[in-house]
1. Which value in deg cm²/dmol, rounded to the nearest 500, describes the helix-derived mean residue ellipticity at 222 nm for the chain, given -39,500 (n - 2.57) per DSSP H run of n ≥ 4 and division by the residue count?
2. Pick from Ala23, Ala52, Ala138: which residue has the top mean-square fluctuation in a GNM of the chain where Cα pairs under 10 Å get a spring?
3. Bin by bin, in steps of 10 Å, what percent of the Cα pairs in the chain do you find, going until the bin that has the longest distance?
4. Work through the residues other than Val132 whose Cβ is under 11 Å from its Cβ and net out their charges, Lys, Arg +1 and Asp, Glu -1.
5. Give the separation of the Cα centroids, the range 1-40 to the range 243-282, in Å.
6. When we measure straight from the Cα of Lys146, which aspartates and glutamates land under 16 angstrom away, once same-chain ones fewer than 8 places off are left out?
7. For a quick check: sort Phe289, Phe188 by the number of other beta carbons within 10 angstrom, fewest at the front.
8. Rounded to the nearest 20 Debye, what is the dipole magnitude of the range 43-198 about its Cα centre when Lys and Arg each give +1 and Asp and Glu each give -1 at the C-beta?
Amino acid sequence: MRPIQMVDTKTQYEKIKPEVDKAVIEVLESTAFINGKPVQNFANNLSNYIGAKYTIPCANGTDALQIAMMALGLQPGDEVITPSFTYIATTEVIALLRLTPVFMEVDAQTFCMDPAALEKAITPRTKAIVPVHLYGQAAPMEAIMKIAAKHNLYVIEDNAQAIGCDYFFADGTKKKTGNIGHIGTTSFYPSKNLGAYGDGGAIFTNDESLAGKLKMIANHGQSKQYHHDVVGCNSRLDTVQAAILDIKLKHLDAYCEARRKVADYYDNAFAGHTIIKTPVRAAYAKHVFHQYTLVLDAAAQPAATRNALKDFLASHNIPAMIYYPVPGHKQKMFEQFNVASQNLSVTDWLTERVISLPIHTEMDEEQLNFICSKVLEFFKK
């Protein structure tokens, strides 16, 4: 049996190696390492895939979020609502820009923003909402956009974990996540469903004015060379990564389907278990399983049970991860906002019970059978 990894980028690379190697060598021979033609080619192809009018490549997913917030003209003290149960980048950039993060509750089934909790979190100082499509599951964007429209708020989608996900509206309309809010952002970190061989990110919008601001901010605030109209940053996707991503983009739907097949295997193996709760697949979207995250509903000492399972799997050379053990509202960096005492019972409940199993495009049945057998063995002890 091949070694089990959380994500196997090497085997995936080997399947597209000739095409990738050729594209990388072409970039090296061109010496157009920054803003070479493959960057615009990839941006255009990604726009067509997502369905957005404008795609602005950038250096990483965190920059994408920061640039998006900067483009909206938010002022220090303005409130931005986002889940506490997410990766730190989502909330970190809010504080970095001297905005005020407002942490809200997630739905216990989908792990995503709860519209009822969102409505309650809005105040006169609220200016933007950042829903996170966590683990490959789409947030309930139709409800979120209606709430945003009611209160005249901006919506920035954090689509770092769900690129390729289809969202279905009540009227039958279908859109890709990242192309529903006023701005969408994503990451091309190597482990992502569409991963680079380094770092990268992108920003999406259908608003021409916003697109102009986003491009300008990502390029030192320049309106034209050496004319800097606004405070910006230096954030760009290099040509080598763009060339690689343009190749991988053609395989993205197949990559997502391969992940769904792994999830199907896990679902069947753990079906009906009294403690192991498999991921819910929301009817309004097509889950792309960036992570396969279980909830261990153990009545006594849930965190200890979860951690013991992780250690047991590690003893059999099976990696597992906890995304995320400490939610945003309990992170030291946010102490200045006096959020530690905030009552987010669902979020706190999840942080003690979630565990993610290996999932990627290259998993085989032998590996899956071994993982499932060991998980089930642990609960028979």
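Read the figures in this text as sums done on the coordinates, not as results from a lab. Bear in mind that the values here come from a model prediction, so they are computed numbers and not experimental data. Don't worry about glycine lacking a Cβ; one is built from the backbone with ideal geometry, like all the others, and counts go over all protein chains shown.
1. One gets -12000 deg cm²/dmol as the mean residue ellipticity at 222 nm.
2. Of the options given, Ala23 has the highest mean-square fluctuation.
3. Reading the bins upward from 0: 5, 23, 32, 26, 12, 2, 0.
4. On the way: positive: none; negative: Glu157, Asp158.
Cβ neighbours under 11 Å give a net charge of -2.
5. Comparing the Cα centres of the range 1-40 and the range 243-282, I get a distance of 23 Å.
6. The qualifying aspartates and glutamates are Asp114, Glu119, Glu157, Asp171.
7. Working: Phe289 27, Phe188 31.
The order, fewest Cβ neighbours first, is Phe289, Phe188.
8. On the way: 11 positive and 13 negative charges, 66 e Å.
Value, rounded to 20: 320 debye.
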